[in-house]
Amino acid sequence: MRTRIIAGNWKMNTTPDEASALVAEIVSSSTVQQAPLSVRIVVCPPYLSLSSAIQSSVGSHVVIGAQNCHHEEKGAYTGEVSPVVLHGMGVKYVIVGHSERRRDQFENNELVGRKAARALACGLTPIICVGETLDEREDDITTDVIGTQIRLITSAAGEDVIKGSVIAYEPVWAIGTGRAATPIQAQDVHAFIRSELHIFGAQDVPILYGGSVTDENASTLFTCRDIDGALVGGASLKASSFCAIIEAASGVHGR
């Protein structure tokens, strides 16, 4: 049985105090306390809120991830954050290649692969994001786009890195829009991603869906054969909705 993961991406939200309080609320919920060990719960606050979030998660079922890292361990990279430093703080996961960074910071697949490789080498589990834009979906080239992303990232990172990572499928057209992919659309892409991963012997890598996941659509998405969890945006900023998504994952963890 593949690992099921629910990861919350808080983006540029929460002060250190707010992050501490939100993690404490999530940790203390009966949903998290009763969640099976087969369901991993990850929250990814902004950099300056990582320390307080880690302190509030100690001894719990919740682990902390970062939203990005640099592709080198150290050096003259003003304003960047080293994966070595993140690991030393107690961070366990790191998101790489999120569509917002691809769009705003012009990150390409080679760079995403290098970040994933460095993160894994430094003791972090990369959550590698792939996905298509609305124009690409309407042009019916979704699988071409995602297949190319996976192959270029794997070429830069190496097959062993992909085997030690998590993949997140995020349809760019669904992020922050409230317009989620239908379960059939999501399953079709997840099945394709798994077939691509099979080429590299990585077919058992968890694949998360990330595109306007809510407590209302999570249960249906999680019944899909190749969806192993979710990368949650806005709904992860409220303990009640995030815990409801965790509960939905817990309810089908034994499939």
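Averaging Cα coordinates gives a centre for the range 65-106 and one for the range 186-252; these two points are 23 Å apart. Count Lys and Arg as plus one, Asp and Glu as minus one, and take only other residues whose Cβ is under 12 Å from that of Pro183; the net charge is then -1. Listed values for the range 239-248 are Karplus-derived 3J(HN,Hα) couplings in whole Hz (6.51 cos²θ - 1.76 cosθ + 1.60, θ = phi - 60°), namely 4, 5, 6, 5, 5, 5, 5, 4, 4, 4, and x replaces Gly and Pro. For the range 27-146, the dipole from Cβ point charges (+1 on Lys and Arg, -1 on Asp and Glu) about the Cα centre works out to 800 debye, to the nearest 20. Charged side chains reduced to their Cβ positions (Lys and Arg at +1, Asp and Glu at -1) give the chain a dipole of some 660 debye around its Cα centre. Between Leu197, Leu48, Leu237, the GNM of the chain built on Cα springs shorter than 10 angstrom shows Leu48 fluctuating the most.
Backbone geometry of the range 47-54 corresponds, through the Karplus equation with coefficients 6.51, -1.76 and 1.60 at θ = phi - 60°, to 3J(HN,Hα) couplings of 3, 6, 9, 4, 4, 5, 5, 4 Hz, x marking Gly and Pro. Between Arg40 and Arg4, Ile5, Ile6, the built amide H atoms are under 5 Å apart, and every one of these is 5 or more places off in sequence or on another chain. Scalar couplings 3J(HN,Hα) for the range 67-80, obtained by applying the Karplus form with A = 6.51, B = -1.76, C = 1.60 to θ = phi - 60°, are 8, 5, 7, 7, 8, 10, 6, 7, x, 7, 10, 4, x, 8 Hz; x denotes Gly and Pro. Sequence gap at least 6, Cα distance under 8 Å: using those rules, report the relative contact order of the range 4-251 to the nearest whole percent. That works out to 21 percent.
Indicate the gyration tensor shape class of the range 4-251 (rounded, prolate or oblate), computed on the Cα atoms with a ≥ b ≥ c the square roots of the eigenvalues: a/c under 1.5 is rounded; otherwise a/b larger than b/c is prolate and the rest oblate. Taking the square roots of the gyration eigenvalues as a ≥ b ≥ c, the range 4-251 is oblate.
In the range 10-94, Cα pairs under 8 Å separated by at least six residues give a relative contact order of 30 percent.
Every number here is computed from the coordinates shown, using simple stated rules; none is lab data. Here the structure is a predicted model, which means the values were calculated and not measured. Glycine also receives a Cβ, built like all others from the backbone with ideal geometry; neighbour counts cover every protein chain displayed.
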